[in-house]
Structure formats: C-alpha cells, structure tokens
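Contents: one structure, followed by commentary.
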Ligand SMILES: [Zn+2]
C-alpha cells in the first residue's frame, strides 16, 4: 500500500495495472474496489467496500473481505455475466463466489468511516451506467474508477456512454481534487483529467 494522503492508500497491481484504494478512519476502513487478488484480504480487513462499477477486474475478490458492507450504485449488477468477460482474458475458471452489493444509492450518499467523511457520487453514465466516484473531502482525494486511466487510454466498452463522459468528468472536477486515483495506473492531478482524451464509442 502506498500512502497518498493521511490515512489514504493505493494498492497497485501488475495484473491489468489495476489500482485499488483504502481510506482509513478510527477503527474503520473503506476499500475502493475489491479487485482480483484475494491475498490482499490477509493485509486489509475493511469494514466497507465500495465498488466503482461492475467490471470483473474490480469486483471478483469481494468474498475474501467478508464480513463487510458492500456499497455500489443501485444499477450495479454483479452476476455471472462478469465471468463471461473474465473468460475473454483468463483461461482458468473463476473459483470464488460472486458477491452482490449489500448497500446501494442513486445520486449521492455520505458515509462515516471511523469519524471520516467519505462521499459516494454518481454523476451519470460514462464508463458504465453506474460509475461511482469516491470523494474524501478532508484531503482532496477522489477515486475515479475507470472514468480515468493513467498509462493507457480510458476504455469504452458496449456498456459505456462516451457522449456523457466529459460531463461526468466536469462534475468530478467540481470536487476540486488534489489527487485523482484512476482505476488503472498511477494517481494523477486535476489537470490530467481536464486534458484526458474521451474514448470513442465501440
Ligand atoms: Zn471498467
């Protein structure tokens, strides 16, 4: 885990250049995406997970962290469809159990993570129909999920809405972030987000 602000960490993975986040409060913590590496659960016992969206690389390890609350947007469906996508990348079968969100929201919800305020926002469809932006106001950190990628272009699959993507990023930038953590790649600043290319529809 790499510290990027007081009590805020990122975990970088070689696999798909994935980036997870952790916000630590007093006796509680929030993991941003569960990822694919169940070994992380030996290091981190979060009281909550928030799923930024339902792509397999962001959600498959959730089971390893239970018991904990699993937060997501209300349109975040975790079902066997994810495994079909996974099968395009990996030959070995997925052997865990898929875990659906236990707590959902529509536009915004504020969580208390051990005395620390964390806001979850949905600014409309872009990378998926149900992207969640995680804001830690006390240190200006925003976790963007796959709305932002560093080191590779942002990706728009069949479930993306590229025409709304810039609007969603503008809403994210209104949070005035000091650091933006992408779903893949290293943390970036607001200027990177202002200048990033929006992917074309496929
Ligand atoms: Zn994604």
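If only residues of segment 181-202 that are closer than 14 Å to residue 126 by Cβ and at pLDDT 95 or above are counted, the one that is surrounded by the most Cβ atoms within 10 Å (Cβ to Cβ) is 183. Among the residues making up segment 48-82, those that are touching a residue at least 24 places away in the same chain (Cβ under 8 Å), within 16 Å of the ligand (Cβ to nearest atom) and assigned to a loop (DSSP other than H, G, I, E, B) are 51, 52, 53, 54, 55, 60, 61, 75, 76, 78.
Look at segment 135-149: where a residue is over 19 Å from residue 114 (Cβ atoms) and a partner is outside any strand (DSSP E or B) and within 16 Å of the ligand (Cβ to nearest atom), sitting 6+ places away or on another chain with Cβ atoms under 6 Å, you get 145/52; 145/53; 145/131; 146/127; 147/126; 147/127; 147/131; 149/185.
What are the residues in segment 127-158 that are within 13 Å of the ligand (Cβ to nearest atom), in a loop (DSSP other than H, G, I, E, B), more than 19 Å from residue 71 (Cα to Cα) and in contact with a strand residue (DSSP E or B) (Cβ under 7 Å, 6 or more places away or on another chain), if any? If the condition is that a residue be within 13 Å of the ligand (Cβ to nearest atom), in a loop (DSSP other than H, G, I, E, B), more than 19 Å from residue 71 (Cα to Cα) and in contact with a strand residue (DSSP E or B) (Cβ under 7 Å, 6 or more places away or on another chain), then 152, 154, 155 are the ones that fit. Inside segment 60-76, residues that are over 13 Å from residue 30 (Cα atoms) and crowded, with 20+ Cβ neighbours inside 10 Å make up a count of 4. Scanning segment 83-126 for residues that are out of contact with any strand residue (DSSP E or B) (no Cβ under 7 Å at 6 or more places or on another chain) and assigned to a strand (DSSP E or B) yields one hit, 112. Considered as a group, the residues in segment 182-199 that are within 16 Å of the ligand (Cβ to nearest atom) and touching a helix residue (DSSP H, G or I) at 6+ places or on another chain (Cβ under 8 Å) include one that is nearest to residue 134 (Cα to Cα), and that residue is 183. The residues of segment 32-47 that are within 16 Å of the ligand (Cβ to nearest atom) and assigned to a loop (DSSP other than H, G, I, E, B), listed by number, are 33, 34, 35, 36.
The values are calculated or read from the model by the stated rules, or taken from the named source; none is laboratory data. Quick caveat: nothing in here was measured; it's all calculated off a predicted structure. Positions of Cβ are generated from backbone atoms using ideal geometry, with glycine treated the same way; all protein chains shown enter the neighbour counts.
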